[in-house]
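The values are calculated or read from the model by the stated rules, or taken from the named source; none is laboratory data. Keep in mind that this is a model prediction, so the values were computed, not measured. Because the Cβ atoms are built from the backbone with ideal geometry, glycine has one as well, and the counts that use them run over all protein chains shown.
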Amino acid sequence: MQPKEYVDALYAEIKKLWELMDISYDKFIRTTDDYHEQAVKEIFTRLYEKGDIYKAEYEGWYCSPCESFWTEAQLVDGKCPDCGREVARAKEESYFFRLSKYQERLIEHIESHPDFIQPVSRKNEMLNNFIKPGLNDLCVSRSSVKWGVPVPFDEKHSIYVWVDALSNYITALGYAGGDESLFEKYWPADVHMMAKEIVRFHSFIWPAILMALDLPLPKQVYGHGWLLFDGDKMSKSKGNVVDPYVLCERYGLDAVRYYLLRDVPFGNDGVYSLAALLNRSNADLCNSLGNLVSRTAAMITQYFGGKMPAPVCPSAEQDEELKAMTNALCERVGECVDALNLPDALAEIFKLINRANKYIDETTPWLLAKDESKRDRLGTVLYNLAEAIRVCAVMLTPFLKNTAEKILAKFSLKLPQDFSDARFGVLKEGTEVVKGENLFNRIDVNKELKEMERL
């Protein structure tokens, strides 16, 4: 099998998985695309003509799986510092990028922009372990590997990943490709999000290349942690992966998404646990959210014939507290998302969900329904609950789109295009309300764990 055939198959699988996980994107970038290849040749040529790329001979410790050269000082117990595998001495003629030239500029930029590399632990690692000890010029071509973009003026060499793959952020926007309107509109990027093992490439190699091209740097590089399984990094090469297709089929996409977004903190490693996934689904999605939506829709159906009542009763103290939390939710979630703190963003939404459940206990609508003189109060209580639920659904849309869509459908609404309606008082009197099916069903955790062990 040729390399292109191999990556074509991987490309199809990745797109299929993203579709399964309901992950949307504006452009799926492939570094084998013709536009990218031509732009990379142009970028390489510009750097060469500027004198920032030169030809020399390279010798060092090479890790084949990581495709990386290492110095003696960078090895850990004589092995690759990234993957822990054996390395071999290698020597070859190559083109080099003058990374060392940009060392001081990189230090100055990182120190003067404290949020450039996040979390702080990654910034300290990059500065203290790599940049300040001294940067060596970077090998940016291979003569022994034919897979890749050929150096335009020396086709014996293939352009290596540092200039090839890293450049996709700007080639995808049209840089060095003729029409640079998208590049001018969207660059620099607000955030480069990647796994922590490649922060190194994005925090000083890529910025140095941009400096050499006289282009602005991305505003932030954020390295998220690993997903651990039995205390070890989860990866296909180690064979300790969990099949997302099985999880989504058995528990539903939104339950899987919710667990990963809620329990795996950005910036730190997270530990995968099926038991934790199931317990989180039961406690939050089934008990807190599902029961709240089901009870509220059922009471509107039972007491008001499935039509949204009007909030005509003067507000009580607990009403005002619920309204205030509802109106503050969008800003609170936005602050968390801006800080890339998705677990806390979801926690804020569930604070309101839990407050709405408490509100039911406080107002006892089932007792109000027994007294005709309190019908206006009953209608106001149910309206307040419906509005809190609706706003929660709006704010859940980026995280749990399917669930948000089902909730809003119960109130004859569709998914919003923005968050302008994430405020109290939007639902209209007389809106049709449908109880429908439960959003989530409770899982017998012990039974399910035993069943999964047999699979």
Output for Cβ contacts, cut-off 8 Å, separation at least six or different chains, first residue more than 19 Å from Arg390 (Cα to Cα) and small (Gly, Ala, Ser) in the stretch 311-338, second in a helix (DSSP H, G or I) and modelled with pLDDT under 95, reads none
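Can you pull out the residues in the stretch 59-82 that are out of contact with any Leu (no Cβ under 8 Å at 6 or more places or on another chain) and of a type in the set (A, V, I, L, M, F, W, C)?
Correct list: Cys63, Cys66, Phe69, Trp70, Ala73, Leu75, Val76, Cys80.
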Pairing a residue in the stretch 110-122 that is over 8 Å from Gly223 (Cα atoms) and at pLDDT 95 or above with any residue that is surrounded by 14 or more Cβ atoms within 10 Å (Cβ to Cβ) and among the aromatic types (Phe, Trp, Tyr), where Cβ atoms lie under 7 Å and the two sit 6 or more apart in sequence or on different chains, gives Ile110/Phe116
Would you confirm, using the coordinates I've provided, whether Leu182 is buried (at least 19 other Cβ atoms within 10 Å of the Cβ) and either without any contact (Cβ under 8 Å) to a residue 24 or more places away in the chain or not in a helix (DSSP H, G or I) (or both)?
no
Could you go through the stretch 388-404 and let me know if any residue there is surrounded by fewer than 18 Cβ atoms within 10 Å (Cβ to Cβ) and within 24 Å of Gly306 (Cα to Cα).
yes
Residues of the stretch 413-450 being of a type in the set (Gly, Ala, Ser) and either more than 15 Å from Thr296 (Cβ to Cβ) or assigned by TED's automatic domain parsing to the domain that holds Arg295 (or both), in sequence order, are Ser420, Ala422, Gly425, Gly430
Scanning the stretch 107-137 for residues that are hydrophobic (A, V, I, L, M, F, W, C) and outside any helix (DSSP H, G or I), the one surrounded by the most Cβ atoms within 10 Å (Cβ to Cβ) turns out to be Ile117
Checked the stretch 443-455 for anything in a loop (DSSP other than H, G, I, E, B) and surrounded by fewer than 15 Cβ atoms within 10 Å (Cβ to Cβ); matches are Asp444, Leu455
Restricting attention to the stretch 8-28, does a residue exist that is of a type in the set (Asp, Glu) and within 19 Å of Ser167 (Cα to Cα)?
yes
Counting only helices (runs of 4 or more DSSP H) wholly inside the stretch 241-337, the ones holding at least 2 residues that are out of contact with any helix residue (DSSP H, G or I) (no Cβ under 7 Å at 6 or more places or on another chain) are 244-251, 253-263, 291-304
- Output yes when any residue across the stretch 412-431 is within 27 Å of Leu253 (Cβ to Cβ), part of a helix (DSSP H, G or I) and charged (D, E, K, R), and no when none is. no
If you go through Phe266, Phe304, the only one that is crowded, with 17+ Cβ neighbours inside 10 Å, more than 24 Å from Arg390 (Cβ to Cβ) and in contact (Cβ under 8 Å) with a residue 12 or more places away in the chain is Phe266
Screening Leu367, Leu408 for residues that are surrounded by fewer than 15 Cβ atoms within 10 Å (Cβ to Cβ) and within 20 Å of Arg295 (Cβ to Cβ) leaves only Leu367
If we keep only residues of the stretch 61-76 that are touching a residue at least 60 places away in the same chain (Cβ under 8 Å) and not acidic (Asp, Glu), then the residue surrounded by the fewest Cβ atoms within 10 Å (Cβ to Cβ) is Ala73
Matching residues in the stretch 269-301 (over 17 Å from Glu437 (Cβ atoms) and crowded, with 21+ Cβ neighbours inside 10 Å) number 3
Considering residues that are without any contact (Cβ under 8 Å) to a residue 40 or more places away in the chain, of a type in the set (Asp, Glu) and closer than 20 Å to Leu285 by Cβ, the number found within the stretch 410-450 is 2
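Yes or no, residue by residue, for (1) without any contact (Cβ under 8 Å) to a residue 12 or more places away in the chain; (2) closer than 30 Å to Pro244 by Cβ; (3) assigned to a helix (DSSP H, G or I):
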site: Leu17; (1), (2), (3): no, yes, yes
site: Asp26; (1), (2), (3): yes, yes, no
site: Ile29; (1), (2), (3): no, yes, no
site: Glu49; (1), (2), (3): yes, no, yes
site: Phe96; (1), (2), (3): no, no, no
Among residues of the stretch 219-233 being at pLDDT 95 or above and surrounded by fewer than 20 Cβ atoms within 10 Å (Cβ to Cβ), the residue farthest from Phe130 (Cα to Cα) is Lys219
Within the stretch 416-440, the residues that are closer than 26 Å to Glu320 by Cβ and over 30 Å from the mean Cα position of the chain (by Cα) are Gly425, Val426, Leu427, Lys428, Glu429, Gly430, Thr431, Val433
